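A short worksheet on the structure shown next.
Taken together, the values in this text are just the output of simple stated rules run on the coordinates, not laboratory data. This is a predicted model, so every value here is computed, not measured. Here the Cβ is made from the backbone with ideal geometry for all residues, glycine too, and neighbour counts use every protein chain on show.
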Amino acid sequence: MKKPKIVLAFSGGLDTTFCALWLQKELGAEVVTATVDTGGFSSEELAEIAARSKALGAVEHRALDGRAEVFARFAVPLIQGNILRGRVYPLSVAAERVLQAELVARVAKEVSADGVCHGSTGAGNDQVRFDAVFSVLLPGMKVHAPIRDLGLSRRQETDYLAKEGFAVPAKTTVYSVNAGLWGTTVGGGAAHDPWTEIPDSAFPSASAQAPADGRDVVVGFKKGVPVSLDGKKLAGVELVGALHALGRRYALGRGVHMGDTILGIKGRIGFEAPAPLMLIAAHNELEKLVLTRWQSFWKNQLGEFYGQMLHEGLYFDPVMRDIEAMIASSQETVTGSARVRLRAGRFDVTGVQSPFSLVADAATYGETTALWTGDEAAGFSKLHALPMTLAARARRTKVLS
């Protein structure tokens, strides 16, 4: 009897290590592991993951570099849309999971797999994201999620692996850390209590003493896409990496997000995302210089909805392509530079410039203008207030009568 071939989304952690062994022992499957690097692994870690896959008995291991795609397909729309969930969080995990699931699906097609597997639990958002992507890209293919389906605890997984002769080092932390190109998130422990501060020690990067002197960084944009840093052209992945390094040096980018999960319960995480926060702030200020009022209004409305859909794993809904087209159209004039001043624990956008600036030399706000006369301004003010003036008059008349 032919063994079923199953492609496993493999990070090398406890959950996916359990899945790799369980699929072979309990289902008699041939396992192909697929690790998608979206910015969270070093070369040494990728080598360790490949070695673990081999030790577990996988028939094949694929290491896929998804960093450039994360930037081009996910980070760019999030920057152009000025998208921050709950006005604080740059959707670091959602930006990665959809692509990870998509690339795993590609591998499943390439090897003619009979099924796919992920190591998500039944309590989080990731299970929905993986399932949603697989349902679109691999219609009819069996999706295995043993951690969720069996309701296993981490202790049970560890015991199972030990019984099979595969020891897993005991976790020494109560926090779950997810690192990637678009930021790092921290869950568990103090994050579960909305009144408790998440300690500095929960974050993977130490909060070093920031330099006493601030410094300026100039981010160059072309059609809403960040393309340079201090005048030096950089590819997206390199630019984000450089800003992350600067941000960590100045202790920037940490925050806490409380929001609604896909499942309908509240969730709270800590995050560290200096590059996304700086890029979105810089882009937003540049847009204020070059977009009209209603361009900004409608783009930001749709951006909020786009972020909601991405968070919920609905990236492949056709409306997402429609929104991306509108956002891309709005970025035709979002070319220029934004100056960001970094200080210990904070940053500010201190200046923007663009050849498409809508600031008119003939009119200075609050001072003088050559575009209209004082009488014309008075007439405009009267007409501008007319609807509420008439409404107030009607209400006074009704009250008096």
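Here are the numbers for this structure:
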{"item": "Taking Asp159, Asp65 and counting other C-beta atoms within 10 Å, the order from fewest to most", "result": "Asp159, Asp65"}
{"item": "Fewest-first sequence of Leu263, Leu234 by Cβ atoms within 10 Å of each Cβ", "result": "Leu263, Leu234"}
{"item": "Built amide H within the under 5 Å cut-off of Gly12, gap 5+", "result": "Thr17"}
{"item": "At R0 = 60 Å, FRET efficiency that the Cβ-Cβ distance of Glu332 and Lys2 yields, to 0.05", "result": "0.65"}
{"item": "Whole-number percent relative contact order across the chain, with pairs defined as alpha carbons under 8 Å at least 6 apart", "result": "18"}
{"item": "Fraction of the pair-distance distribution of the range 5-163 above 22 Å, Cα-Cα pairs, percent", "result": "41"}
{"item": "Nitroxide proxy distance, nm - points 7 Å out along Cα→Cβ at Leu383 and Val359", "result": "2.9"}
{"item": "For Met1, Met309, Met258, Met388, order by how many other beta-carbon atoms lie within 10 Å, fewest first", "result": "Met1, Met388, Met258, Met309"}
{"item": "Simple spin-label estimate for Arg321 and Lys25 in nanometres, 7 Å along Cα-Cβ", "result": "4.5"}
{"item": "Volume of the Cα convex hull of the chain, divided per residue and given in Å³", "result": "208"}
{"item": "Potential lengthening between Arg268 and Val174 on full extension [0.36 nm per residue; Cα-Cα distance subtracted]", "result": "32.4 nm"}
{"item": "Of Lys233/Lys288; Lys222/Lys266; Lys3/Lys54; Lys109/Lys233; Lys223/Lys382, pairs whose Cα-Cα distance is over 27 Å", "result": "Lys222/Lys266; Lys109/Lys233; Lys223/Lys382"}
{"item": "Net lengthening on full extension, Val227/His192 (0.36 nm per residue, minus Cα-Cα)", "result": "8.8 nm"}
{"item": "Long-range amide H partners of Glu60 with built H, under 5 Å", "result": "Thr33"}
{"item": "Vicinal HN-Hα couplings computed from phi for the range 258-270 (Karplus, 6.51 cos²θ - 1.76 cosθ + 1.60; Hz; Gly/Pro x)", "result": "10, x, 8, 7, 4, 6, x, 9, 7, x, 9, 9, x"}
